[in-house]
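Undergrad: Could you have a look at this structure, given as structure tokens, before my questions?
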Amino acid sequence: MARYGMALDYKNCINCRACETACKAENGILPGKDNYRIWIGQKEAEGEWPNISIVSQTYHPSQCQHCDNAPCQQVCPTNATYYDENRVVRVDPERCILCTYCINACPYDARYVDDRTVTVDKCNFCSDTRLANGETTTACQATCPTKVRTFGDLDDPNSEISQLLKTREYKQVKEHLGTKPKLFYLI
Amino acid sequence: MNELSIKELFRFEKTPLNLLIAILTVGLLGIFVAGATYYFIHGHHAFNVTRQHPWGLLIAMYVFFVVSSTGLCIISSIGHVFEVKEFQVIGKRAIAGAIITLLSGFAVIALEVGHPVRMLIYNVLTPGFTSAIWWMGTLYGIYLVFITFEFFFLTIKENHKWAKIFGIGGLLAGLAAHSNLGAVFGFLISRPTANGVFYPVYFILSAMITGCYLIYIIYGFKYKNSYPANIKAMLLKLNKILGMLLGILIFFEAWKIITALYGTMPERAETILHVIKSPTFIFGEVILGMLIPFIVILFSNAKAIKPMVYVSLAGMVGIFFMRYDLVHDTLIYPMDTLKRSEYQLPPTFIEYFPSATEFAIGFGGIGITLLLFYIAEKVFNLDVDTKH
Ligand code: SF4
Ligand code: SF4
């Protein structure tokens, strides 16, 4: 029993996209432009030479926020979307009817249709491929060369992520919607 | 019920209009079957829906059909639930129409939802009580049972007491189901243009307007514009009701737009600004769906019957665009979640145009409505009995 979340030291991101590749390999994501669980959001530098704003250029790694109050879970007519014992938001392909209501309801564009199961899929913090085998890291975290990602149990005060969130300021995305996202962008 | 042989089923007066409708029906059924077949072979890839625009024409057509069903049910209840005399003539035909349009809607949505059979199973086994889709689906199921019994007691085993009881049940279930369908959009906190009280209320209002348009079309076709006195009295009253409803709708829409634009909150204001400049809104929703019918009623002092039949056809085209835009407008604003210029492209409004398969299934569904209506007119006596 844990409550997993991820802290992202996003200013360290160098846009190498090793995480995207690792995720695809780990979870066997099929090719196709809509098929991705994680992505790097880019913001180009603003301004004209010589007044270019260096700070405006950022890379934002992102994925499902594993909201503690997840709109996707609330709207699911068959409870196919559920919180597992680690508060990871999961989709049960046995119960998903592919109404795609959750894709509409997610404020973070985190979901897509998986062509193998013909149901909705998204990041599950590598629950099937790694956590189930007793591992404590996700593929994206393990592969990141600049250590952007820290994955861990938010309920354990001694975990690395809990310590980080006590000592670093962070921001969250679309918090005002009340979704209680569990990705934390370290400032 | 009427005695019916196969030969009788295919016999109809060969007027040019009837022949045209017959060809249209067969054609639409043909493309429905073709669309369904293509979908069964290629799955969801036959549709142009994407990750960012997951709902499309088929959802719009489903809404179109169930709006028609609810509208017919509400308008017919003016007669046999609220006992307004003039409206008692439309009871049977309107309820038959409500059942038929609902079934057509179910046929379309069964091809949209990826796993319809699984849906029936897990809606019962693991119901999602916080889901507006669950409530909408369940309530529409209950509604279908009620209006089917209502039709049974109106037509097959005439019993006015039971017809009224099931009529009230059907009306309440229909109102609940349909406002829940509005809530499917209204509950989306991720979509500021849809989120809020507007859609659940608007759905009921536009359903009533759709019901009026359909009554004009159905009776206009049936009587070829020469109406008996009782039908004429009903259609005249309907003119007033429709005029008032359109007035309210225009008022609602205007305030929805003004409040959305006011304060220029980007996700809401930019989306609505984009929407009100689109031709489907201006020509479809506003001109065809609202202004032309409203102006005709206004300038005829609510005495237009013949023109209303034609205007109602335009009105239904407008209603279609209202459904289409409802889905599309909800989804066009990109989810700007740290993807400000993903892969170097600045985010723009999301584009969507239905695929041929979506057109075939969605519009083909109208063929199902026409066919079932034809059969219902043959099998049942849908006119009010003169002895009443
Ligand atoms: S980010 Fe989207 S998919 Fe993930 S839990 Fe939140 S609402 Fe659901
Ligand atoms: S698509 Fe599947 S997971 Fe999403 S809301 Fe529908 S049934 Fe639930």
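Undergrad: Yes or no: segment A:105-114 includes at least one residue that is within 14 Å of chain B (Cβ to nearest Cβ) and among the aromatic types (Phe, Trp, Tyr).
TA: Within segment A:105-114, one or more residues are within 14 Å of chain B (Cβ to nearest Cβ) and among the aromatic types (Phe, Trp, Tyr).
Undergrad: Hey, could you check segment B:184-223 for residues that are among the polar types (S, T, N, Q) and buried (at least 19 other Cβ atoms within 10 Å of the Cβ) and say which is farthest from the other protein chains (Cβ to nearest Cβ)?
TA: B:THR210
Undergrad: Further question: Condition first: assigned to a loop (DSSP other than H, G, I, E, B) and either near ligand 1 (Cβ under 9 Å from one of its atoms) or more than 21 Å from B:PHE129 (Cα to Cα) (or both). Now tell me which residues in segment A:62-80 satisfy that.
TA: A:GLN63, A:CYS64, A:GLN65, A:HIS66, A:CYS67, A:ASP68, A:ASN69, A:ALA70
Undergrad: Exactly one of these conditions fails for A:GLY32: (1) in a loop (DSSP other than H, G, I, E, B); (2) within 11 Å of chain B (Cβ to nearest Cβ); (3) at negative phi. Give me its number.
TA: (3)
Undergrad: For A:THR78, which of the numbered conditions (1) modelled with pLDDT of 95 or more; (2) within 18 Å of A:ASN35 (Cβ to Cβ) fails to hold?
TA: The number of the failed condition is (2).
Undergrad: Given the condition polar (S, T, N, Q), in contact with a helix residue (DSSP H, G or I) (Cβ under 7 Å, 6 or more places away or on another chain) and within 18 Å of B:ALA356 (Cα to Cα), answer yes or no: does some residue in segment B:33-53 qualify?
TA: Yes: segment B:33-53 contains one or more residues that are polar (S, T, N, Q), in contact with a helix residue (DSSP H, G or I) (Cβ under 7 Å, 6 or more places away or on another chain) and within 18 Å of B:ALA356 (Cα to Cα).
Undergrad: Within segment A:50-61, identify whether any single residue is facing another protein chain (nearest Cβ under 7 Å), among the β-branched types (Val, Ile, Thr) and either in contact (Cβ under 8 Å) with a residue 40 or more places away in the chain or near ligand 1 (Cβ under 9 Å from one of its atoms) (or both), and answer yes or no.
TA: Within segment A:50-61 (the criterion being facing another protein chain (nearest Cβ under 7 Å), among the β-branched types (Val, Ile, Thr) and either in contact (Cβ under 8 Å) with a residue 40 or more places away in the chain or near ligand 1 (Cβ under 9 Å from one of its atoms) (or both)), the answer is no, since none of the residues qualifies.
Undergrad: Which residue out of B:LEU120, B:LEU125, B:LEU139, B:LEU175 is among the aliphatic types (A, V, I, L, M) and more than 14 Å from chain A (Cβ to nearest Cβ)?
TA: Exactly one residue qualifies, and that residue is B:LEU175.
Undergrad: Moving on to the next point. A:GLN73: polar (S, T, N, Q) and either within 18 Å of A:ASN35 (Cα to Cα) or within 16 Å of ligand 2 (Cβ to nearest atom) (or both), yes or no?
TA: Yes: the conditions hold for A:GLN73.
Undergrad: Next question, about the same structure. Please list, ordered by residue number, the helices (runs of 4 or more DSSP H) wholly in segment B:241-341 having 1 or more residues that are small (Gly, Ala, Ser) and touching a residue at least 40 places away in the same chain (Cβ under 8 Å).
TA: B:306-331
Undergrad: Run B:ILE133 past the list (1) away from ligand 2 (no atom under 15 Å from the Cβ); (2) hydrophobic (A, V, I, L, M, F, W, C); (3) surrounded by 23 or more Cβ atoms within 10 Å (Cβ to Cβ); (4) within 14 Å of chain A (Cβ to nearest Cβ) and report the number of the one that doesn't hold.
TA: So B:ILE133 meets the others, but not (1).
Undergrad: Another question, if that's okay. When segment B:188-218 is examined, which residues are found to be touching a Phe, Trp or Tyr at 6+ places or on another chain (Cβ under 9 Å) and without any contact (Cβ under 8 Å) to a residue 60 or more places away in the chain?
TA: B:ASN195, B:PHE198, B:PRO200, B:VAL201, B:TYR202, B:LEU205
Undergrad: Given the structure, is A:ASP68 surrounded by fewer than 21 Cβ atoms within 10 Å (Cβ to Cβ) and in contact with a Leu (Cβ under 7 Å, 6 or more places away or on another chain)?
TA: For A:ASP68, the condition - surrounded by fewer than 21 Cβ atoms within 10 Å (Cβ to Cβ) and in contact with a Leu (Cβ under 7 Å, 6 or more places away or on another chain) - is not met.
Undergrad: Being more than 22 Å from the chain's Cα centre (by Cα) and surrounded by 14 or more Cβ atoms within 10 Å (Cβ to Cβ) is the filter here; which residues of segment B:242-258 pass it?
TA: B:ILE257 - this is the single residue of segment B:242-258 that is more than 22 Å from the chain's Cα centre (by Cα) and surrounded by 14 or more Cβ atoms within 10 Å (Cβ to Cβ).
Undergrad: Can you name the residue in segment B:1-33 that is more than 29 Å from the chain's Cα centre (by Cα) and part of a helix (DSSP H, G or I) and is also surrounded by the most Cβ atoms within 10 Å (Cβ to Cβ) among such residues?
TA: B:GLU8
A quick yes/no check of all residues on (1) more than 30 Å from B:THR337 (Cα to Cα); (2) more than 20 Å from the chain's Cα centre (by Cα):
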residue: B:ILE147; (1), (2): yes, no
residue: B:LYS157; (1), (2): yes, yes
residue: B:ILE168; (1), (2): yes, yes
residue: B:LEU175; (1), (2): yes, no
residue: B:GLY186; (1), (2): no, no
residue: B:ASN195; (1), (2): no, yes
residue: B:PHE203; (1), (2): yes, no
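Undergrad: Further question on the same structure: Looking at the structure I just gave you, is B:ILE292 among the β-branched types (Val, Ile, Thr), surrounded by fewer than 21 Cβ atoms within 10 Å (Cβ to Cβ), closer than 30 Å to B:GLU83 by Cα and within 20 Å of the chain's Cα centre (by Cα)?
TA: no
Rundown of residues vs (1) more than 14 Å from chain A (Cβ to nearest Cβ); (2) within 20 Å of the chain's Cα centre (by Cα); (3) crowded, with 19+ Cβ neighbours inside 10 Å, yes/no style:
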{"site": "B:PHE299", "(1), (2), (3)": "yes, no, no"}
{"site": "B:LYS303", "(1), (2), (3)": "yes, no, no"}
{"site": "B:LYS306", "(1), (2), (3)": "yes, no, no"}
{"site": "B:ALA314", "(1), (2), (3)": "yes, yes, no"}
{"site": "B:GLY318", "(1), (2), (3)": "yes, yes, yes"}
{"site": "B:ARG323", "(1), (2), (3)": "yes, yes, yes"}
{"site": "B:LEU326", "(1), (2), (3)": "no, yes, yes"}
{"site": "B:ILE332", "(1), (2), (3)": "no, no, yes"}
{"site": "B:ASP336", "(1), (2), (3)": "no, no, no"}
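The values are calculated or read from the model by the stated rules, or taken from the named source; none is laboratory data. These numbers come from a predicted model, not from an experiment. A quick note on method: Cβ atoms are made from the backbone with ideal geometry, for glycine too, and the neighbour counts reach across all protein chains shown.
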